[in-house]
1. Please work out which residue is farthest from the chain's Cα centre (by Cα), limiting yourself to region 1-29 and to residues that are hydroxyl-bearing (Ser, Thr, Tyr) and surrounded by 10 or more Cβ atoms within 10 Å (Cβ to Cβ).
2. Look at residue 56 and say whether it is among the polar types (S, T, N, Q), assigned to a helix (DSSP H, G or I), free of Cβ contacts under 8 Å to residues at least 12 places away in the same chain and farther than 15 Å from residue 81 by Cα.
3. Within region 32-48, take every residue that is surrounded by 10 or more Cβ atoms within 10 Å (Cβ to Cβ) and within 16 Å of the chain's Cα centre (by Cα) and give me the one that is farthest from residue 65 (Cα to Cα).
4. Does region 29-55 hold any residues that are within 29 Å of residue 17 (Cβ to Cβ) and either hydroxyl-bearing (Ser, Thr, Tyr) or assigned by TED's automatic domain parsing to the domain that holds residue 17 (or both), and which are they?
5. Could you tell me whether any residue of region 57-77 is at positive phi and surrounded by fewer than 10 Cβ atoms within 10 Å (Cβ to Cβ)?
6. Using beta carbons and a limit of 8 Å, which pairs, at least six apart or on different chains, have the first residue in region 68-79 and modelled with pLDDT under 85 and the second one hydroxyl-bearing (Ser, Thr, Tyr)?
Amino acid sequence: MTEKEKTLFKENKRKKFLELANSRVNKTLSNIKLIGNLSRKNNYEYSEKDVRAIFSALEKELKSAKSLFNKGNGTEDKDEFRLK
């Protein structure tokens, strides 16, 4: 692979990262705002236990994602959140 090809390859990887990161972060921020909407007591009934479970799950997943970036070798965890 020539230096020019290597440079193009790196530029394409960066472009794809930026595209996906911007899209995914914006979707996540929108979804977090929707979770905040669940706090409206006149529309929903929930317990403090429910709130702790929601934020515990979010914090756990955020910590896990951050750890993957620190390692640099992202792997997926298939955990799914469910209130009971």
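The values are calculated or read from the model by the stated rules, or taken from the named source; none is laboratory data. All figures in this text were calculated on a predicted structure; none of them were measured in a lab. Neighbour counts are summed over all protein chains in view; Cβ atoms, including those assigned to glycine, are modelled from backbone coordinates with ideal geometry.
1. If we filter region 1-29 for residues that are hydroxyl-bearing (Ser, Thr, Tyr), which is where we start, we get 2, 7, 23, 28.
Next cut, surrounded by 10 or more Cβ atoms within 10 Å (Cβ to Cβ) only: 7, 23, 28.
Values: 7: 29, 23: 11, 28: 6 Å.
Filtering region 1-29 for residues that are hydroxyl-bearing (Ser, Thr, Tyr) and surrounded by 10 or more Cβ atoms within 10 Å (Cβ to Cβ), the one farthest from the chain's Cα centre (by Cα) comes out as 7.
2. Considered against the rule, which asks whether it is among the polar types (S, T, N, Q), assigned to a helix (DSSP H, G or I), free of Cβ contacts under 8 Å to residues at least 12 places away in the same chain and farther than 15 Å from residue 81 by Cα, residue 56 comes out as no.
3. Across region 32-48, the extreme among qualifying residues is 35.
4. Of everything in region 29-55, those that are within 29 Å of residue 17 (Cβ to Cβ) and either hydroxyl-bearing (Ser, Thr, Tyr) or assigned by TED's automatic domain parsing to the domain that holds residue 17 (or both) turn out to be 29, 30, 31, 32, 33, 34, 35, 36.
5. Within region 57-77, one or more residues are at positive phi and surrounded by fewer than 10 Cβ atoms within 10 Å (Cβ to Cβ).
6. 77/64
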